[in-house]
1. Which ones in the range 234-250 are crowded, with 24+ Cβ neighbours inside 10 Å and either at positive phi or not small (Gly, Ala, Ser) (or both)?
2. Which of (1) modelled with pLDDT of 90 or more; (2) in contact with a Phe, Trp or Tyr (Cβ under 8 Å, 6 or more places away or on another chain) does Leu89 not meet, given it meets every other one?
3. Identify the residue in the range 140-173 that is open to solvent by 10 Å² or more (accessible area, probe 1.4 Å) and assigned to a helix (DSSP H, G or I) and, among all such residues, is farthest from Trp351 (Cα to Cα).
4. Checking the conditions here, which among Ala281, Ala338, Ala264 is aliphatic (A, V, I, L, M), open to solvent by less than 50 Å² (accessible area, probe 1.4 Å) and in contact with a Pro (Cβ under 6 Å, 6 or more places away or on another chain)?
5. Of the conditions (1) in contact with a helix residue (DSSP H, G or I) (Cβ under 6 Å, 6 or more places away or on another chain); (2) touching a residue at least 40 places away in the same chain (Cβ under 8 Å); (3) of a type outside the set (Val, Ile, Thr), Leu438 fails just one. Which one is it?
6. Between a first residue in the range 280-294 that is under 12 Å from Leu400 (Cα atoms) and a second residue that is open to solvent by 10 Å² or more (accessible area, probe 1.4 Å) and outside any helix (DSSP H, G or I), which pairs have beta carbons less than 9 Å apart while being 6 or more apart in sequence or on different chains?
7. Yes or no: Arg297 within 22 Å of Thr135 (Cα to Cα), open to solvent by 10 Å² or more (accessible area, probe 1.4 Å) and not in a helix (DSSP H, G or I)?
Amino acid sequence: MLFNSYAFVFGFLPIVLLGYALLAARAGTARWPLWWLVACSAVFYTIWNPINLLIIAPSLVVNYFLARALQHRVANHKQPDRTASAMLLAGIVFNLCFLGYFKYRNFFVDSINQVFLTQWPLLEILLPLGISFITFQKIAFLVDVRVGNVKQFELVDFLIFVAFFPQLIAGPIVHYREMVPQFQKATPQIELHNLCIGLCLFAMGLFKKAVLADGIAPHASSLFAMSDRGEPLGLFYAWLGALAFTLQVYFDFSGYSDMAIGLARMFGIRLPVNFDSPLKATSIIDFWNRWHMTLTRFLTAYIYAPIALHLTRKRMAQGKSMVAAAGSRPAAFFVLVATPTLITMFLSGLWHGAGMTFVLYGLLHGSLLVVNHAWRQWRPRWNRQRYQRVMRPIGFVLTLACVVFAMALFKSQTVAGALHMMRAMLGLDGAVLPQAVLGRLGAPGAWLQAAGVSGDFYSGTGFVSLVLWAVVLLVAATTLPNSLELMARFNPALGKKASPVGPWSVSLNARWATVFGVTLLAGVMSLNQVSEFLYWQF
């Protein structure tokens, strides 16, 4: 079921809230309201396709009993315990194999067929919704049990942690210790204060998705479809197409994140921040600290850090140089920074999708991160104020350009289509504009034609519409406060503490109620053509 659907907004959500409120008021225990949420989450997951639950259920059973056994082992044995570590490793391998079969089996078989000219058959495998998010969450749970962060848990605690519907399909990726203590509070209830805050966040998220992301989506899709077919685009159309998709996925994922946080807040639960105005970033490192933040946190803790620690210990044992703040040798930087970064981003790209375009997307961002880390290592040592004054605007422009350029890989259906788009973005296919636009530009139009820009017979109205969409959304994404900043006084999410009141700060009064009422109405009125969230495919 989609958040951005009439069935969810006017059917599922009111029923879930009402049932939770009634059980919280009458049950006398926190368990029954939680079981209600588990049951509703199962309905939410299966209503799309009941087979989803049949596929994912065995994995939940295995993880639950393995976590139980692991918890008992940790509680009754002193550290270090090789048996407990082996049990954890078995759980991780099981989850990765489960994910690998459903998401990557055909990708790897197809890759082998292409490399070795074999003819292994590809299977029609149903990919369960949100399998990547669910898998990472189960792995994080097992790790937390192994290290002792989870002392005890019941079946309902495990299920509500894994399957809570606001973050079930597309995150955020949460830790047990972040979420379950909130569910275990003595008196679960629907509070008007939390309901209002959650509804405001949900309204903003629905507007971003249904009005903004879906509004610019046709422009991005049409230009990328042309690229995948090998049709000529030219410099301007290529950059506008990539920028349009960047803004589409930005407001799509930002909208989902707002709705997930808002829905959880309606039940008094605060999810962690997962999206923090990444297009305002002034470096690629800053970008990944703002974009899909819980995924970055997971990859850093469970992939990057262990690899970097292993390589560091190995070099120390060999008596070789380390990375230092005052300057490092290139060999040390390559081994201790570049290598774990590239491995982590390769896996990040593969996590996003079972395709070579996603692998290349991850490696491209990994390379950009390595360059960014190298710049921080060997950049000119100016005073801080001078550096910020000169480099922040440069870093902002370069980061935005790199993010938009890389989106050609993220969106394209094939590597050939992505390379075709990138070639056009580099100006290797010339530059064209609609003749109707060139003819109305006067002297600037004549100058552009003299510089080699040619006219074509594409729709001038369509081009102007695309430019207006891109400019408005880009300005909004890079200058306006985000949803969590607007709601800052209400401590809207984990990792966002209540902050002092600012000029944009929202208050729960009639004026802001009108604003959010109009916002919600605009979002609801745009649901006549329901579209999936882009991150639901992961």
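1. Passing the criteria: Tyr237, Leu243, Phe245, Thr246, Leu247, Gln248, Tyr250.
2. Leu89 satisfies every listed condition except (2).
3. Per the stated criteria, the residue is Leu155.
4. Criteria check complete, one pass: Ala264.
5. With (1) in contact with a helix residue (DSSP H, G or I) (Cβ under 6 Å, 6 or more places away or on another chain); (2) touching a residue at least 40 places away in the same chain (Cβ under 8 Å); (3) of a type outside the set (Val, Ile, Thr) applied to Leu438, the lone miss is (2).
6. Lys280/Arg290; Lys280/Asn482; Ala281/Asn289; Ala281/Arg290
7. Criteria not met by Arg297.
Here is a yes/no grid of residues against (1) small (Gly, Ala, Ser); (2) without any contact (Cβ under 8 Å) to a residue 60 or more places away in the chain:
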residue	(1), (2)
Arg82	no, yes
Ser85	yes, no
Leu88	no, yes
Val93	no, yes
Cys97	no, yes
Gly100	yes, yes
Tyr104	no, no
Asn113	no, yes
Leu117	no, yes
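The values are calculated or read from the model by the stated rules, or taken from the named source; none is laboratory data. Worth saying up front: this structure is predicted, and the values here are computed from it rather than measured. Because the Cβ atoms are built from the backbone with ideal geometry, glycine has one as well, and the counts that use them run over all protein chains shown. In case anyone asks, the SASA skips ligands and DNA or RNA and just uses the protein heavy atoms, side chains included. Shrake-Rupley method; radii C 1.70, N 1.55, O 1.52, S 1.80 Å.
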